[in-house]
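The values are calculated or read from the model by the stated rules, or taken from the named source; none is laboratory data. Keep in mind that what you see is a predicted model, and the values were worked out from it rather than measured. Cβ sites come from the backbone with ideal geometry, for glycine too, and all protein chains shown count toward neighbours. The accessibility values were calculated without ligands, DNA or RNA, using every heavy atom of the protein model including side chains. Shrake-Rupley method; radii C 1.70, N 1.55, O 1.52, S 1.80 Å.
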Amino acid sequence: MKKKTAKILFHILIVLILINTPVLAAEEIMPLDEVKAGMTGYGKTVFSGTEIEKFDIEIIDVLDNRSLDEDLILIKLTGDKVEEYGGIAAGMSGSPIYLDDQLIGAIGYGWNNSDHRYGLVTPIERMLKLLDNNQVEKSSGNISDLEFELEEFKPGENIIRSESPIMVSGINGRALQRLEKNLAELNLDVVPGSGIEEADKSNKRPEPGEAIAVQLVRGDISVASIGTLTYVDQGQFLAFGHPFTNRGEVNYLLSRANINAVIPSTEQPFKLGSPYNRLLGSVTQDRGAGVAGRIDTYPRITPLYISISENGRLLKEVSLQIINDEYFFSSLANSAALQAVDSALDRIGPGSAESRLKIMGRGLPQLQVESNNMYYSQNDIGSMALYDFSQLLDLILTNPFEEINLIDIRLELDFNKSDSVALIQEAKVLNDEIYPGDELDVEVTLHRYRNGTETKNLSLKVPEDVEPGIATLFVDGGYTGETMRPDETSAQMQSSGGLNEAEISGHKSFESMLDSYLDSPDNNDVILQLYPSYAAPIYQESSEEAPRHDYEEDAVAGDAAETNPTEKSPEGTDELENLDEEIKERFSTDYVLEGSLNLDLEIMDPANRDSSEAGEGNSAAVEKSAGEVNNRENQ
């Protein structure tokens, strides 16, 4: 009896689960070969708010292009809705079209500067292939080469996608122009939107004809494309009827959208709308026949937090979520950051800034990198302060060695209107004589912008094994960068064993590239770098083998009978490697530093130290020449 009762309860439970689980049943499909000219039907879309409305259509013809699997159905919109809204509007792409209540496809294409009652429908059979376990060949979606002639309508050659415009809110001015320029490469039009709708009050499951938004950025700034849902089946969906970015496998955010109005236009009317904050799911396929994805499944996103302060006082905080896509991320993040700066400062002009950047990601050393820097510009400090943010993002996202999955990014900027910039005006070596192992004392005079001068006393350790002779000391400002240097044989692409062994900019790993960038001087650093006499070429054209220095002779002494003379002992190798190490120190200041000086000095022979101390001091051993100043124009 207990077993029977348990069995009955189990069946009741299953029934309750099935009743309470929404099942998104597939719609009935009409095959393309049954679609004939003259048939009439209807489409579904949203013209205002979120209400799905019907509009009448007539089949004009089927454009046969079976060799490329790009058949299209030419339709004409009829009825009152055409007169009211002007025909097919951008944002109607994906609107499902029905004949005898059977789905035949979705509006996908139209024409510029033409009768907007006419459009092209992408057959549903093509779109359904997007759901076949993603086993879909990438289609170009290019239909500009289709040629057809109709007595009632001659479309010409200006066939275009029934655009799903990019609605942008929270971005304007030059940040919007930058974003428009980047997205134009994908033939995506940018339209200012009305912002994100805070709440999606509808709890019903999505259905064909609804307005949807494919979101690239959400939060305080919104970047999303408005279109129409075509088909829903068991949690999978189809939309648009044409490619959005045509990037194949993707991970974009999906939400419902609210339509504010249909805006008339001679080129093509368009829906003005905004996405809802609550997500529906994710777009996973973006190909020639449309976009596809899943309901209640969400893609990875990367949070971006930006704080803008001036003289320590917080002006603005911006919090965003950006799709985790290497192709888009840098462009979207940079446009958002520029907008945050411009809106907070409300000016474009001179000033100084300090930045603190922290990027977390899988694949980064210790899962994160941090970078701090200082900036100055006479013209546009807002844009200048984002330089390292942009450069470090590009290095991480485009590095050729490893895929980095970004987890979180925090950028803090503190601006002030002061001219925190100085020129390296003069450098003077204070030592009377310099021997290997000594501390090289240097007095550096900084000319602060319109604020007099400041003197810094710096020191640089001269290695014990440095070669005596004439050496060159460079004094650089971090902003100017390391300029005049002895020639170095470093190429952008080097190869010693064929293409597969090519070195990229001298780096063989992502860690090497990243360390090189992070170890570079900050803009407010004074850099002292010594180039001893061994930096000059030591091979003579007429010699058959390289001349041997004392350190090499010491390294192989006593081993000649056991070791090939041409081989180096481990000790010798270490010393040679030490020669390759830079003799360099960096010193932080309160100013962005410009300019470069170089002066020559003599490293004395240690053997002469005792006699020099006993006799007359050779104060002329150091040539205190300021060298040549190399300035860069203030940015």
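Spacing of the modelled spin labels on Asp80 and Glu402, each 7 Å from Cα toward Cβ, amounts to 6.4 nm. Please give the residues of segment 273-312, grouped as numeric ranges, whose backbone N is less than 13 Å from a label point set 7 Å along the Cα-to-Cβ vector of Arg450. Within reach of a label on Arg450: no residues.
Roughly how far apart, in whole Å, are the Cα centres of segment 311-390 and segment 285-302? That distance is 29 Å. By the scheme Lys and Arg +1, Asp and Glu -1, what is the net charge of all other residues having a beta-carbon under 12 Å from that of Ile407? That works out to +3. Fully extending the segment from Leu367 to Ser509, taken as 0.36 nm per residue of separation minus the present Cα-Cα distance, adds 49.5 nm.
For the pair Lys358 and Arg278, label points projected 7 Å from Cα toward Cβ lie 3.4 nm apart. Sorting Arg362, Arg205 on solvent-accessible area from highest to lowest, probe radius 1.4 Å, gives Arg362, Arg205. Rounded to the nearest 10 Å², what accessible area does Lys36 show when all protein chains are kept and the probe is 1.4 Å? Counting only protein heavy atoms, Lys36 exposes about 110 Å² to solvent.
With the contact rule set at Cα under 8 Å and sequence spacing of 6 or more, what percent relative contact order holds for segment 40-105?
Numbers: 97 pairs, mean separation 21.3, N = 66.
Here the relative contact order equals 32 percent.
Relative to the current alpha-carbon distance between Glu464 and Ser418, full extension at 0.36 nm per residue lengthens the span by 12.2 nm.
List, in the order given, every pair from Lys36/Lys76; Lys316/Lys358; Lys44/Lys271; Lys417/Lys456 whose Cα-Cα distance in the structure shown is over 21 Å.
Lys417/Lys456
For Arg356, the accessible surface of its heavy atoms amounts to roughly 100 Å² (probe 1.4 Å, protein chains only, rounded to the nearest 10). All Cα-Cα distances of segment 27-103, cut into 5 Å bins from zero to the largest, leave 3, 14, 25, 25, 18, 10, 4, 1, 0 percent in each bin in turn. Note on exposure: Ser390, Ser222 ranked by accessible area (1.4 Å probe, complete protein assembly) read Ser390, Ser222, with the most exposed listed first. Short-range pairs are left out: with C-alpha atoms under 8 Å and at least six residues apart, the relative contact order of segment 270-364 is 16 percent.
Other residues whose C-beta falls under 11 angstrom from the C-beta of Pro436 contribute a net charge of -3, scoring Lys and Arg +1 and Asp and Glu -1. Spin-label pair Asn608-Asn172: with each label point 7 Å from Cα along the Cα-Cβ axis, the two points sit 7.2 nm from one another. Taking a sphere under 9 Å around the Cβ of Pro468 and counting the other residues whose Cβ falls inside, with K and R at +1 and D and E at -1, yields a net charge of -3. Largest accessible area first, the residues Phe237, Phe401 order themselves as Phe401, Phe237 under a 1.4 Å probe with ligands, DNA and RNA left out. Can you give me the solvent accessible area of Asp101 with a 1.4 Å probe, rounded to the nearest 10 Å²? Solvent-accessible area, nearest 10 Å²: 100 Å².
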